[in-house]
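None of the figures in this text is laboratory data; all of them are computed from the coordinates on show. Remember, it's a predicted structure, so these values are computed and weren't measured experimentally. Cβ sites come from the backbone with ideal geometry, for glycine too, and all protein chains shown count toward neighbours.
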Amino acid sequence: MANVTLRVFATLATALGKKEVKIEGSSLKEALDFLIREHGEEFKSKIIDSVGNPQRYIRIYINGKDIRFLKKLNTPLNAGDEVLILPAVVGG
């Protein structure tokens, strides 16, 4: 399992109770499952939709690369990776 840094912003930081946390997981899904077990369904509903995909208004990056162009939630994690979870900004 890789030890990675997860950073969240805006309402996600409020739900998590902090902006940065160290987590472990061999894949992004495994790391998020750990966070969900620790922080409950309210946190899960903010990042994962009802079919298990990231919410459409959430962007997740691993080392600056959008997971949509990697292996999505199955993207492997390595020690020292940085995961950013950002709510999309909308409006005008």
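With unit charges on the beta carbons (Lys and Arg positive, Asp and Glu negative) and the dipole taken about the Cα centre of the chain, which residue among SER26, ILE48, ILE36 sits farthest to the positive side?
ILE48
Would you work out the relative contact order for the chain, in percent, from Cα pairs under 8 angstrom that are 6 or more residues apart? Kindly include the intermediate steps, with their values, before the conclusion.
Numbers: 141 pairs, mean separation 37.7, N = 92.
Relative CO of the chain lands at 41 percent.
At 222 nm, what helix-only mean residue ellipticity would the chain give, in deg cm²/dmol to the nearest 500, using -39500 (n - 2.57) for each DSSP H run of four or more? Spell out each step's value before the answer.
Values: 2 runs with 26 residues, N = 92.
Mean residue ellipticity, 222 nm, calculated: -9000 deg cm²/dmol.
For ARG68 paired with GLU82, estimate the spin-label separation in nm (one decimal), with each label point 7 Å from Cα along the Cα-to-Cβ line.
Using points 7 Å along Cα→Cβ, the separation is 2.2 nm.
What is the packing order of peptides 70-79, 26-35, taking the mean over residues of other C-beta atoms within 10 Å and listing the highest first?
Ranking, from highest mean packing down: 26-35, 70-79.
Write down, largest first, the equivalent ellipsoid semi-axes of the chain in whole Å, where each equals the square root of 5 times an eigenvalue of the alpha-carbon gyration tensor.
Values: eigenvalues 67, 45, 35 Å².
Computed over the chain, the values are 18, 15, 13 Å.
Tell me the net charge near ALA79. Cut-off is 15 Å between Cβ atoms, ALA79 excluded, with +1 for each Lys or Arg and -1 for each Asp or Glu. Mind dumping the intermediate values first?
Details: positive: LYS22; negative: GLU24, GLU30, ASP81, GLU82.
Overall, the nearby charge balance is -3.
May I ask you to list the aspartates and glutamates whose Cα is less than 16 Å away from that of LYS72, ignoring any residue fewer than eight positions away on the same chain?
GLU30, ASP33, ASP49, ASP81, GLU82
Calculate, for SER50 and ALA15, the FRET efficiency according to 1/(1 + (r/R0)^6) with r their C-beta to C-beta distance and R0 25 Å; round to the nearest 0.05. Write down the numbers at each step before the final one.
Values: r = 18 Å, r/R0 = 0.71.
With a Förster radius of 25 Å, E is 0.90.
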